[in-house]
Every structure is written in C-alpha cells, then in structure tokens.
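Q: Here you go, one structure.
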Amino acid sequence: DNGSAVQIDEKANANLLIGELYRNGHRKIAYYAAHHDAGTPFQHYSGVLRQQGFDEEIARLGLPAPEGDGDAIKQPAAFLRHHVVHNGVTAVICYDHERVLRLMHAAVELKLRIPEDFSLICYDLPDTLTNFSQEITYVSEPTREVVAAAAEQLLREIARRPEAPRQQ
C-alpha cells in the first residue's frame with residue numbers, strides 16, 4: 001500500500017521472443033536458465049516469469065517442450081549435448097549473459113558453431129559482450145523508457161499523498 005514498482009513484463013517478452021523465433025523457422029527451442037535457486041522462494045521474479053512465458057508460448061504454438069536430463073542439464077556442455085546434438089534443438093535462449101558465456105565455451109568444447117549449428121539468444125547482453133565474432137541475438141530492455149516510467153510513477157505517487165503535517 002505504501003509503494004509501487006515498475007517492472008519489465010518478462011512473461012510477455014518471452015512470448016514475443018518465442019513467436020519471433022517461430023516466424024524465423026525454429027521449431028525446436030530450448031531455454032537455458034540453470035538457476036541454483038530455481039523453485040525456491042529466493043528465485044528472482046524474472047526467472048519465474050521468463051520460464052512461464054517460454055512454456056506458455058511453446059505450448060500455444062504446438063512446439064515440442066524440451067525434455068530435461070536431470071541435474072546434468074545444468075552443466076552447459078551436457079545441456080548442449082542433450083538438446084542440440086541429440087534432440088535437434090535449433091535455438092537456445094539464455095536467461096542472461098553469464099549463461100551465454102558458459103554455453104559459448106561449451107559450444108567450442110563440443111565443436112558446435114553459432115549460428116550454423118544453433119542460434120544463441122540472450123536476455124540483456126551487456127555492450128561489452130556484443131562484439132563477439134560469433135553471432136548472438138539478444139533481447140534488450142528499453143532502459144530509458146523503463147526509467148522514465150518509474151519516474152512518472154514516482155511523481156504520481158508523490159502527488160497523490162497528502163502533505164504530512166509539519167512539526168513546530
């Protein structure tokens with residue numbers, strides 16, 4: 001009651017991303033999050049919502065849901081071996097840039113080429129990582145627009161609150 005928040009619509013972004021991959025011909029898509037806190041109350045909301053958006057859009061489009069491979073799937077090389085090499089996944093979406101780096105390293109280890117063998121997509125790839133020779137697609141949040149929306153929301157909240165009585 002005493003505050004508000006402006007958040008990115010992670011679920012909608014995941015839906016849009018899957019839809020765009022589908023329009024570009026991808027029919028087997030996997031999501032690499034591998035959170036150490038997955039399924040716990042400590043998991044960041046973005047992890048939960050991105051996964052929900054991914055699952056919903058995959059189901060809506062009638063695409064096969066990627067099958068897990070137990071805890072080994074948390075390891076980048078095991079993930080790529082299972083999904084790309086053995087199950088023909090053509091696009092892998094990563095939760096963040098740290099996981100992209102892990103998958104890129106694993107791809108080199110497995111002699112997989114990006115984007116020839118699979119497309120690699122990342123949420124919020126920092127500018128410092130956009131100059132890789134390998135082609136990585138990334139989803140970037142409109143930071144200025146988000147900050148402007150947060151500032152507008154804050155000003156609305158301030159304007160709505162009655163002025164506190166001044167102490168003499």
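The values are calculated or read from the model by the stated rules, or taken from the named source; none is laboratory data. Source: prediction; values computed, not measured. The accessibility values were calculated without ligands, DNA or RNA, using every heavy atom of the protein model including side chains. Shrake-Rupley method; radii C 1.70, N 1.55, O 1.52, S 1.80 Å.
Q: Step through the residues of the stretch 88-96 one at a time and calculate ³J(HN,Hα) from phi using the Karplus curve (6.51 cos²θ - 1.76 cosθ + 1.60, θ = phi - 60°), rounding each to whole Hz and writing x for Gly and Pro.
A: x, 5, 9, 9, 10, 9, 9, 4, 7
Q: Heavy atoms only, probe 1.4 angstrom, no DNA, RNA or ligands counted: give me Arg60, Arg81, Arg50 ranked by accessible area, highest first.
A: Correct descending sequence by accessible area is Arg60, Arg81, Arg50.
Q: If the cut-off is a Cα-Cα distance under 25 Å, which lysines reach Lys111, setting aside same-chain residues fewer than 8 apart in sequence?
A: Cα-Cα hits under 25 Å: Lys28, Lys74.
Q: Then there's this: When only the heavy atoms of the protein chains count and the probe is 1.4 Å, how do Lys74, Lys11 rank by accessible area, highest first?
A: Highest to lowest solvent-accessible surface, that is Lys74, Lys11.
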